[in-house]
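Engineer: Input: one structure, supplied below.
The values are calculated or read from the model by the stated rules, or taken from the named source; none is laboratory data. Note that this is a predicted model, so its numbers are computed, not measured. No Cβ is skipped: glycine too gets one built from the backbone with ideal geometry, and neighbour counts run over all protein chains shown.
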Amino acid sequence: MKLPQEFVDKYRNLLGEESDAFFTSFDQPSEKGFRINPLKSDPQKIQYALNKPVEYTKYGYYGSVSGKSLEHQSGYVYSQDLSAMYVAENVSVAPKARILDLCAAPGGKSTQVASLMNNQGLLVSNEINHARAKILAENVERIGAKNVIVLNESPARLAEVFQDYFDQILVDAPCSGEGMFRKDHQAVSYWNKDYPQQCAGRQKEILTSAYQMLAPGGSIIYSTCTFAPEEDEQVVEWLLEQYPALQIQPIKKYPGMDDGRPEFADSNSDLSDAVRLWPHHFKGDGHFIAKLTDTRPKKAAVSVKKVKKKRMNQRQSLTKEQLALWEDFSAVLTDGFHFSLADLRCYGDHLYFYQHSWPDISHLKFMRPGLLLGQFKKKRFEPAYTLALALQPQDCSQILEVSHDDWSKYVHGETILAGGSSLRNGWKLLVCEGKPFAFGKLVNGTVKNFFPKGLRFEA
């Protein structure tokens, strides 16, 4: 790979004798990795080999997966860089934890955190860029998590609302992307000698907002996919100076993981508690991770700040007709998947599961205000694709098992035939090889296709 000369000069100076190995790593293929999803029933029952586990994450494995496979579409597997996997592992998950993933797209770390939370507590997953936020929402939906809100706001805007609110905040900050050079050669073209410093300025702005949202006693997990000291050790150094209540926490290091480099900043020895994942030492593409815990005394849980602003997305209670339609539909569900009326919210004609203890976000820009259950249409309720992915087979009494060939047809947008004259008409949870993947409507032996048009593909 042709690297910018200023980049070469910079890292030859920083790394000395190991710089040659560092540069050589950019011409070597990166090893692939994926995670299985513990939110799914029998998550290990997949076609992919699980004989090479990743030692530093419970559900990670070496190997590649296809984005057009049943396992991927149904949310059983998620492809993720090996170094990126270790970031979310450092988020402390507790049953009632309030967690924020501030710069979350495309969703690898959010889906990992959500899988570890086991549908308990609250995960707010945010992305400022609307197009990327849409991708984030799709990835979150696919894993079937019920405790995730996806927002599309600036960090500064969120800080106005969620002061001292979150127990854990993950800031996987936008960066110069030097760790992506091997995977995405185009990223090299964006780099110039001043770019890391420019990125550092933006990272400090984001972290300023993050700290305002951090509950006393909580933690910030700061990460980048760059090697630049300006964005790594030097940003952490700035953070410690700016907020004296923060302390760096030691992160466990596995073989191939390096200490942070105090000499890259002010020589504060605590910076060695951070983690550097170099591509010439580690199988992933490269990351920097630091965990900082706030030492202020913990306070009682706080509510979100009320903002005097016209609500952008008006929430409403269900009408009597809507409630009747939902109850008629939900009668097909077993007791294993019950929703309290207090946890149902309508935005327009869309029905969501939104736990009543969660904060009111109707004044914020959101992509997914909770789990989308479905949509009310003229005198009927149409269940959402997202609900199907959140169900386990045992949760539903109206299941239709289909073949892998029929799954291929359905995700392509085709109707499929259902054998058996005893099957009654109506909505069915479609299951292939034990994996729920969509809803379909059975009408006289034909399953009408309700797979989302924007997600259809040829398997």
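Engineer: Please specify each residue of segment 329-370 satisfying the condition of being without any contact (Cβ under 8 Å) to a residue 60 or more places away in the chain and part of a strand (DSSP E or B).
Structural biologist: Within segment 329-370, L344, R345, C346, Y347, H350, L351, Y352 meet the criteria.
Engineer: Can you work out which of the residues in segment 236-291 that are among the hydroxyl-bearing types (S, T, Y) and in contact (Cβ under 8 Å) with a residue 24 or more places away in the chain is nearest to L170 (Cα to Cα)?
Structural biologist: Only one residue tops the list, namely Y243.
Engineer: Within segment 218-260, take every residue that is of a type in the set (G, A, S) and touching a Leu at 6+ places or on another chain (Cβ under 9 Å) and give me the one that is nearest to V275 (Cα to Cα).
Structural biologist: Step by step, filter segment 218-260, then rank; the result is G260.
Engineer: Which residue is surrounded by the most Cβ atoms within 10 Å (Cβ to Cβ), if the candidates are limited to segment 16-40 and must be out of contact with any helix residue (DSSP H, G or I) (no Cβ under 6 Å at 6 or more places or on another chain) and part of a loop (DSSP other than H, G, I, E, B)?
Structural biologist: K40
Engineer: Need the failing condition index for H350 against (1) modelled with pLDDT of 75 or more; (2) more than 30 Å from E160 (Cβ to Cβ); (3) within 28 Å of the chain's Cα centre (by Cα), just the number.
Structural biologist: Among (1) modelled with pLDDT of 75 or more; (2) more than 30 Å from E160 (Cβ to Cβ); (3) within 28 Å of the chain's Cα centre (by Cα), the lone unmet condition for H350 is (2).
Engineer: Scanning segment 409-434 for residues that are touching a residue at least 40 places away in the same chain (Cβ under 8 Å) and farther than 16 Å from A459 by Cβ, which turns out farthest from the chain's Cα centre (by Cα)?
Structural biologist: The extreme case among them is G426.
Engineer: Exactly one of (1) closer than 30 Å to D164 by Cβ; (2) part of a loop (DSSP other than H, G, I, E, B); (3) in the same structural domain as L14 (by TED's automatic domain parsing); (4) not aliphatic (A, V, I, L, M) is unmet by K299. Its number?
Structural biologist: All conditions are met except number (3).
Engineer: Given the options T446, T386, name the one that is of a type in the set (S, T, N, Q) and either more than 26 Å from A145 (Cα to Cα) or more than 26 Å from the chain's Cα centre (by Cα) (or both).
Structural biologist: T446
Engineer: Which count do you get for residues in segment 82-99 that are of a type outside the set (A, V, I, L, M), under 28 Å from A49 (Cβ atoms) and out of contact with any His (no Cβ under 8 Å at 6 or more places or on another chain)?
Structural biologist: Total satisfying the criteria: 2.
Engineer: If we scan segment 321-334, do we find a residue that is at pLDDT below 70, closer than 25 Å to S357 by Cα, outside the structural domain of Q212 (by TED's automatic domain parsing) and surrounded by 11 or more Cβ atoms within 10 Å (Cβ to Cβ)?
Structural biologist: There is at least one residue in segment 321-334 that is at pLDDT below 70, closer than 25 Å to S357 by Cα, outside the structural domain of Q212 (by TED's automatic domain parsing) and surrounded by 11 or more Cβ atoms within 10 Å (Cβ to Cβ).
Engineer: Something else now. Of P369, P383, which residue is in contact with a Phe, Trp or Tyr (Cβ under 9 Å, 6 or more places away or on another chain) and over 30 Å from R157 (Cβ atoms)?
Structural biologist: Being in contact with a Phe, Trp or Tyr (Cβ under 9 Å, 6 or more places away or on another chain) and over 30 Å from R157 (Cβ atoms) holds for just one of P369, P383, which is P383.
Engineer: Would you mind stating whether K204 is at pLDDT 95 or above and either under 16 Å from E127 (Cα atoms) or in a helix (DSSP H, G or I) (or both)?
Structural biologist: Answer is yes for this residue.
Engineer: May I ask you to say which residue of Q394, Q398 is under 20 Å from E71 (Cβ atoms) and modelled with pLDDT under 95?
Structural biologist: The match here is Q394.
Engineer: Sticking with this structure for a sec: Would you tally the residues in segment 57-116 being among the acidic types (D, E) and part of a loop (DSSP other than H, G, I, E, B)?
Structural biologist: So the answer is 2.
Engineer: Then there is this: Please verify whether segment 159-177 includes one or more residues that are among the β-branched types (V, I, T) and under 21 Å from H72 (Cα atoms).
Structural biologist: no
Engineer: Being free of Cβ contacts under 8 Å to residues at least 60 places away in the same chain and not aliphatic (A, V, I, L, M) is the filter here; which residues of segment 438-458 pass it?
Structural biologist: F439, G440, K441, N444, G445, T446, K448, N449, K453, G454, R456 - these are the residues of segment 438-458 that are free of Cβ contacts under 8 Å to residues at least 60 places away in the same chain and not aliphatic (A, V, I, L, M).
Engineer: Condition (residue is in the same structural domain as W278 (by TED's automatic domain parsing), without any contact (Cβ under 8 Å) to a residue 40 or more places away in the chain, under 25 Å from R276 (Cβ atoms) and not in a strand (DSSP E or B)) applied to segment 45-54: is it met by at least one residue?
Structural biologist: There is at least one residue in segment 45-54 that is in the same structural domain as W278 (by TED's automatic domain parsing), without any contact (Cβ under 8 Å) to a residue 40 or more places away in the chain, under 25 Å from R276 (Cβ atoms) and not in a strand (DSSP E or B).
Engineer: Report, by residue number, each residue of segment 182-201 that is surrounded by fewer than 14 Cβ atoms within 10 Å (Cβ to Cβ) and either in contact (Cβ under 8 Å) with a residue 40 or more places away in the chain or not in a helix (DSSP H, G or I) (or both).
Structural biologist: Correct list: D184, H185, Q186, N192, K193, D194.
Engineer: Would you mind telling me which numbered condition in (1) of a type outside the set (G, A, S); (2) under 26 Å from the mean Cα position of the chain (by Cα); (3) assigned to a strand (DSSP E or B); (4) farther than 23 Å from L341 by Cβ E458 fails?
Structural biologist: For E458, the failing item is (3).
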